[in-house]
Amino acid sequence: MRIDQKRMRELVARTSPYSPDELRREENVFYVGGNLPERQTIETLYDSHYQSNAALFHLTFGEEERFADAENLARLIKKNFNAYLVGRVDYCASRNMVERAYAAGVDILDIPLHTYDQVRSTQRGSSLEERLRSLDYARAVFPRWSVLSSLGVGCEPAGSIVAGIDALLERDIVPLVQLSEEAAAVPAEQLTKVFQHLQRGWQQKKVLLKPLLPLVYLISPFTPASPKGILRGFIDSIEDRRLLAGSDLRRLLRVKEVAESYESSGL
């Protein structure tokens, strides 16, 4: 991957693609709002997907009281489409919510930190420790490198973002960095250094980033280093199917194990 400076400035000016109330497609990624009606949403996804297959579905959960709505959508998406499903929960998800999201079909869970600064985190409505606790819950349920957390560069010093990247990697959590509106005031050199540090961290920790690449290329200034040839694309598609099948099998076994545990306990 390489960092595209022109794209970096374009991303600063765009609005967030995540909304629990909207359905949109960008290239080969579907952004699905968890508050949307099930039937109409699945029909729309079906029509678009089978005209041109999407590589990734991104489901944004709504408020806590509407968790079940997004949970049902996740189940329907996983049942009808053979692609990775990322779920984004922008609050401190409980252990039970994490388990339910995984059982419903979410392959990769994003609980964004937004900021690694304790004061700014509390100002957003939850402390840094609470968000990290939710991420630890998710890490105990999901496979390694299947939990991620987003940080917004530009709303705090670059050193704080770098510290957040390192802290997440030490927890086996995939850090993603997004450009906030405030990043427009940050020198391009500082932004570049943050993304260079992020890429080095991914490489040093051997992060399994492949399932997330369609999203990474949309929300960050990273672009493929070179176009894929026909053979490379074919090999990658086989590897994608293998990874996805392994993820689905692991989920099936875990859900079965949990169900048997409840049954043996008389619950």
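The values are calculated or read from the model by the stated rules, or taken from the named source; none is laboratory data. Small disclaimer: the values here were computed from a predicted structure and weren't measured. Counting neighbours? That spans all protein chains shown, and the Cβs are built from the backbone with ideal geometry, glycine included. To get the accessible areas, we keep the full protein, side chains included, count just its heavy atoms, and leave off ligands, DNA and RNA. Shrake-Rupley method; radii C 1.70, N 1.55, O 1.52, S 1.80 Å.
This table checks each residue for (1) in a helix (DSSP H, G or I); (2) crowded, with 23+ Cβ neighbours inside 10 Å.
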position: Arg14; (1), (2): no, no
position: Ser19; (1), (2): no, no
position: Tyr31; (1), (2): no, no
position: Lys79; (1), (2): yes, no
position: Leu85; (1), (2): no, yes
Q.
Any residue at all in the stretch 125-143 that's closer than 25 Å to Met97 by Cβ, among the aromatic types (Phe, Trp, Tyr), open to solvent by less than 40 Å² (accessible area, probe 1.4 Å) and not in a helix (DSSP H, G or I)?
A. yes
Q.
If I ask for residues that are closer than 26 Å to Lys210 by Cβ and open to solvent by 10 Å² or more (accessible area, probe 1.4 Å), which ones from the stretch 33-48 would you list?
A. Tyr46, Ser48
Q: Evaluate the stretch 9-21: report whether one residue or more is modelled with pLDDT of 95 or more, of a type in the set (D, E, K, R) and on the phi < 0 side of the Ramachandran plot.
A: yes
Q) In the list Leu169, Leu179, which residue meets the criterion of being under 21 Å from Leu109 (Cα atoms), touching a residue at least 60 places away in the same chain (Cβ under 8 Å) and in contact with a helix residue (DSSP H, G or I) (Cβ under 6 Å, 6 or more places away or on another chain)? A) Leu179
Q) Are any of the residues in the stretch 102-110 modelled with pLDDT under 90 and assigned to a helix (DSSP H, G or I)? A) no
**Q.** Those residues of the stretch 13-36 which are among the aliphatic types (A, V, I, L, M) and either under 29 Å from Glu64 (Cα atoms) or free of Cβ contacts under 8 Å to residues at least 24 places away in the same chain (or both), in sequence order
**A.** Leu23, Val29, Val32, Leu36
Q. When Thr122 is evaluated against the numbered criteria (1) open to solvent by less than 40 Å² (accessible area, probe 1.4 Å); (2) of a type outside the set (D, E, K, R); (3) modelled with pLDDT under 95, which criterion, by number, is the only one it fails?
A. (1)
Q: Mind checking which helices (runs of 4 or more DSSP H) fall wholly inside the stretch 171-267 and carry at least 3 residues that are among the acidic types (Asp, Glu), open to solvent by less than 90 Å² (accessible area, probe 1.4 Å) and at pLDDT below 90?
A: 230-264
(Q) Against the definition (in a loop (DSSP other than H, G, I, E, B), more than 17 Å from Ala83 (Cα to Cα) and open to solvent by 30 Å² or more (accessible area, probe 1.4 Å)), how does Ser52 come out, yes or no? (A) no
Q: Looking only at the stretch 95-106, decide whether some residue is open to solvent by less than 50 Å² (accessible area, probe 1.4 Å), of a type outside the set (A, V, I, L, M) and farther than 26 Å from Pro221 by Cβ.
A: yes
Q | Selection status of Asp69, outside any strand (DSSP E or B), at pLDDT 95 or above and open to solvent by 10 Å² or more (accessible area, probe 1.4 Å) | A | yes
